[in-house]
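Trainee: The structure is given below, and queries will be raised subsequently.
What follows is calculated from the coordinates using simple rules that are stated; it is not laboratory data. Given the structure is predicted, the values throughout are model-derived calculations rather than measurements. Here the Cβ is made from the backbone with ideal geometry for all residues, glycine too, and neighbour counts use every protein chain on show.
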Amino acid sequence: MRAGSHGHIGGPGSQEPDRIREIGENFQRILSGVGPGDSALSPLRTRQLVVPPPHRGSSGSPNAHSMPGGTDAPERHGWPEQGFAPEEFAVSNAWPFQDDIGLEDSKRHKGDGINLARIFPFLFSFCCFIIFSVPIWLMVHLGQDVTVEYWMKGSWCGAVLLLPLPFLAAYFVHVKLRRPHKPTVLVCLLLPSGVLLVLGDLLVSVSSNRADQLRSMDCDTFNLKRDLERSREAAQHLYSQCIKNSHNLTGEAGQNFRLPDCSEFDNAYQKHKRDWGYLWHLEEEEQCGGWCYPDKPLFTKRDVRDSCSAAAAEVFGIKVKRMAQQVVATSLLVLVATSLGNLAAGPGLRSIGVDW
């Protein structure tokens, strides 16, 4: 206020209201980022931190209470003693809201957040391994089953171990291109799904037919079943000869005597190794006796419940068919999800510059 103006604020001709109004307008301009007589401050300038320089005493040491952070605050924060944050600090506060940020500033902040372009190659290949690991394991497990191996030559199921090879190749393709590659993605998802779907459906169909054929007590339903019955009859004949050569064992010794205890067994086993080995496995694992008809077991000393033909039918009808259906269901799910995901994600990926 000017001298001599006290007590005359509301008087006519007084200039005090104009002065108060001018101060209020300047204060509002400062709050809105506009200084008196200046244009609007840039967004970059509004992010600069104004810090008063540290007060140094007679000893030359900064006052610990002159600024936040103590005596080492300027050095710790990298702020100059002039009281302004460096330009790079202001830019970092503005990023990524500034559309016109330079290339150098982009490089400075390339490590901020999650870099999807960098982790996508590993993430995609790893997810493919996880998705297809269960159906691949099921196929390998079925191929190693003795019943599947005997009736279906199940060693071909091990070919599914080659399916992860495209996942490994996809990793190197994506690392080189630094972006999702549509043909590679589709091959890694559609090719294993198609192969597993075909193999799984084949197992479902064959296991259903084999279960019906083996469950029947008719040994003439198909040639392999009849041939196995004849091989079992040869084992029964050898067993009877061994009993006679051992002076008709009776009592507990006769009950515990089995074909492998016969002295002639080793030579005869080499001629019927495949058939007798399969019957031996069924008697031990499935607790069965006989082949087409229930009979006394020739190889195991365990109690039996049914014929081995019915036991093999149960393996096909329950174990093999159920696991094959799981492979088919997983393959169909991946095929459908891949098709829908390709249609849904295509526009979004193209909008952000990915060639899809």
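Trainee: Within 10 Å of each residue's Cβ, count the other Cβ atoms and sort 338, 147 from fewest upward.
Mentor: In increasing order of surrounding Cβ atoms, one gets 338, 147.
Trainee: Now, a different point. Give me the extension gain from residue 281 to residue 221: residue separation times 0.36 nm, minus the current Cα-Cα distance, reported in nm with one decimal.
Mentor: 19.4 nm
Trainee: Taking amide H positions as placed 1.01 Å from N in the peptide plane, with prolines and chain starts having none, which residues 5 or more places from residue 354, or on another chain, fall under 5 Å of its amide H?
Mentor: Those qualifying (amide H under 5 Å, at least 5 residues apart or on another chain) number zero.
Trainee: When 261, 303 are ordered from fewest to most other Cβ atoms inside 10 Å of their Cβ, what list results?
Mentor: Listed from fewest to most nearby Cβ atoms, that is 303, 261.
Trainee: Using θ = phi - 60° and the Karplus relation 6.51 cos²θ - 1.76 cosθ + 1.60, list the HN-Hα couplings for segment 205-221 in order, rounded to whole Hz, with x at every Gly or Pro.
Mentor: Residue by residue, segment 205-221 yields 5, 5, 5, 5, 5, 5, 4, 5, 5, 6, 6, 6, 7, 7, 7, 9, 5 Hz.
Trainee: For residue 303 and residue 156 in one chain, what is 0.36 nm times their gap in residues minus the Cα-Cα distance, to one decimal in nm?
Mentor: Residue separation times 0.36 nm, minus the Cα-Cα distance, leaves 49.5 nm.
Trainee: Report the FRET efficiency, 1/(1 + (r/R0)^6), for residue 295 and residue 117, where r is their Cβ-Cβ distance and R0 is 56 Å, rounded to 0.05.
Mentor: It comes to 0.25.
Trainee: In sequence order, what are the phi-derived ³J(HN,Hα) couplings for segment 177-190 according to the Karplus relation 6.51 cos²θ - 1.76 cosθ + 1.60 with θ = phi - 60°, rounded to whole Hz, with x for glycine and proline?
Mentor: Couplings: 7, 6, 6, x, 10, 4, x, 5, 4, 5, 5, 5, 9, 7 Hz.
Trainee: What distance in nm lies between label points placed 7 Å from Cα along the C-beta direction at residue 344 and residue 172?
Mentor: Rounded to a tenth, the inter-label distance reads 3.3 nm.
Trainee: Using θ = phi - 60° and the Karplus curve 6.51 cos²θ - 1.76 cosθ + 1.60, what whole-Hz ³J(HN,Hα) does each residue of segment 299-304 get, with Gly and Pro shown as x?
Mentor: Once θ is set to phi - 60°, the couplings for segment 299-304 become 10, 9, 9, 7, 6, 10 Hz.
Trainee: Shifting gears a bit: Kindly put 285, 314 in sequence by how many other C-beta atoms sit within 10 Å of each C-beta, fewest to most.
Mentor: 285, 314
Trainee: Rounded if a/c is under 1.5, else prolate if a/b beats b/c, else oblate: with a ≥ b ≥ c from the C-alpha gyration tensor eigenvalues square-rooted, which is segment 223-306?
Mentor: Oblate, since a/c reaches 1.5 and b/c is not below a/b.
Trainee: Whose amide H sits under 5 Å from the amide H of residue 306, counting only residues 5 or more places off or on another chain, with H placed in the peptide plane?
Mentor: Here 289 satisfy the definition.
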